[in-house]
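Every number in this text was worked out from the coordinates using simple rules, so none of it is lab data. Quick caveat: nothing in here was measured; it's all calculated off a predicted structure. As a convention, Cβ positions derive from the backbone with ideal geometry for all residues, glycine included, and neighbour counts pool all protein chains shown.
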Amino acid sequence: MVTVTTPLRMAQTLNETQAATTVITRADIERQQPESVAQLLRGHPGIEFASSGGAGSITSLFMRGSNSNHTLVMIDGVKINNPTSGGVSWQFLPVNQIERVEIVRGPQSSVWGADAIGGVVNIITRKATEPGTEGEIRVGVGQQNTRLTDANFSAANATTRFTSALSYRESDSINARTADTTDEKDGYEHYGLSLQLEHDLNERNTLSAGYLRSQGDNQYDNCSDAFWNASNACKEEFALQTLNLGWTHQLTNAWQIDTLLQRVDEDREDFYEGQDNGHTHTQRDQLGIKATLSTDPFSLVTGLDAQKERILKGSGFTQDSRDIFGVFAQTHYRLTDTWTLSAGVRHDDDEFFGNQATGNLGLDWQLHSAHNIGASISQGYRAPNLMELYGPASWGANPDLKPEESINYELFWHYQPDSAFNAEVRLFQNEIDNLIVWSAGQNLNINESRIRGTEITLAINSPTGASLVP
């Protein structure tokens, strides 16, 4: 039975979720052997990617037809969207350090806060679970002078668990522009490191610490300097670091308190024909405290999130930091043997925009053991990033921008007679107001968007573990 935590910020089985949820397990990763996170996620319901070239190139994700900055992306529950752009450097995220990925489609701001208009992607890294010592090394070579090395090590006893992972990728890649007749290649190089440590102080208290560093560079085409002179000699250097410290306290058999302190540090520099063409260094500190009540038939999670975003380096910004504070509550209640209700509310206080309230409501009817149908409504919002608000005037900064807001209506039917077969149909309509677009050289709230869609999922799993998901 697959357990997920992203849809409601509490543990529940995948079959219990009312939100559209996909789980990619470590076994799926081992079978697929993807070169990148983008390749791992591509092809799953509601997911589309666009890239500027071959492997290692700049990549953007679009969920359910929404914009690339409408998806909240986390590593172990730590938000990694860039404060200045809202985007994520998918090309630099290391695959060998991933245990599973939970994808939740549709607005999730009432659960996770800003940016979750299209959905949420939560990347969960590998952690030791069983006592003993394990290690593996993988070395490979491929086309376009591609070289890779992965190394993983874990050790655990009755009270302490440690996991480490290293990765290295390098390739000459391809020339991304067919109109370019030169032999210029758009290569890339990437290094990754992940460390995880957990220690049980006693039966009720666990401390944890995690560190991830991902850095690299990639060459790309069609960049321009400050005078809009175009060139194909472009390069991006990137470094992402996440650090988290956690404490889990089992207050009673039913109540659990989780405290998580996090820091995300991102440094990005672009080069035009070997010369500096823009350098930003951002940092986000986050504190999350949540209390979870787990009983049958009622579950509740409530808590608070506080974060501070800073621009440590970047030219032309008139404001270089902001504070956001949010409180939330989410319930999951089995009304009868066949009816289940979920409901949640969240209130965010943004330093620039003031109050933002969001909610969600879902109802599920179990027709019999294999069939269930349901309906849900959920809200999302995206606060304009610091670049859109207070960046250089040449980039269209507008301090009068309002947050983008959305409301999503959804119907679903799910059928799973056994573990070997799973079918689902979802109908949704996501309405987005105050959509931010570039118009007449400035970012403006002038558009509204209505996205309607149908998702049909059919999964067949063989006894060997292989699966077919058309």
Which peptide among 92-101, 375-384 comes first, and what is the full order, when sorted by highest mean count of other Cβ atoms within 10 Å? 375-384, 92-101
Dimensionless Rg over Rh [the stretch 366-470; C-alpha; Kirkwood]: 1.22
Starting from the stretch 344-423, pick out the GluC sites (Glu not before Pro) whose DSSP state is loop and whose Cβ has at most 14 other Cβ atoms within 10 Å. Glu351
Filtered hits (lysines, Cα-Cα < 18 Å from Lys185, offset >= 8 within chain) -> Lys235
From the residues Leu166, Gln250, Leu312, which one has its Cα farthest along the dipole of the chain in the positive direction, the dipole being from +1 and -1 charges on Cβ of Lys/Arg and Asp/Glu about the Cα centre? Gln250
Relative contact order of the chain, pairs being alpha-carbon contacts under 8 Å that are 6 or more residues apart, as %: 11
If the reach is capped at under 16 angstrom between alpha carbons, list the lysines near Lys308, excluding any in the same chain fewer than eight residues apart. Lys79
Can you bin the stretch 110-165 into rounded, prolate or oblate? Criterion: square roots of the alpha carbon gyration tensor eigenvalues sorted a ≥ b ≥ c, rounded for a/c under 1.5, prolate for a/b above b/c, oblate for the rest. oblate
What ranking do 267-275, 190-198 get when scored by the average of other Cβ atoms within 10 Å per residue, highest first? 190-198, 267-275
Ordering of 455-461, 64-70 by burial proxy (mean other Cβ atoms within 10 Å per residue, highest first): 64-70, 455-461
Under the rule a/c < 1.5 gives rounded, and otherwise a/b versus b/c splits prolate from oblate, where does the stretch 3-123 land using the Cα gyration tensor? oblate
Per principal axis, descending, Cα span of the chain in whole Å: 66, 52, 44
Gyration tensor (Cα only) of the stretch 191-320 to equivalent ellipsoid, semi-axes in Å sorted down, yields 43, 16, 12
The chain, helix-only ellipticity at 222 nm - DSSP H runs n ≥ 4, -39,500 (n - 2.57), divided by all residues, nearest 500: -1000 deg cm²/dmol
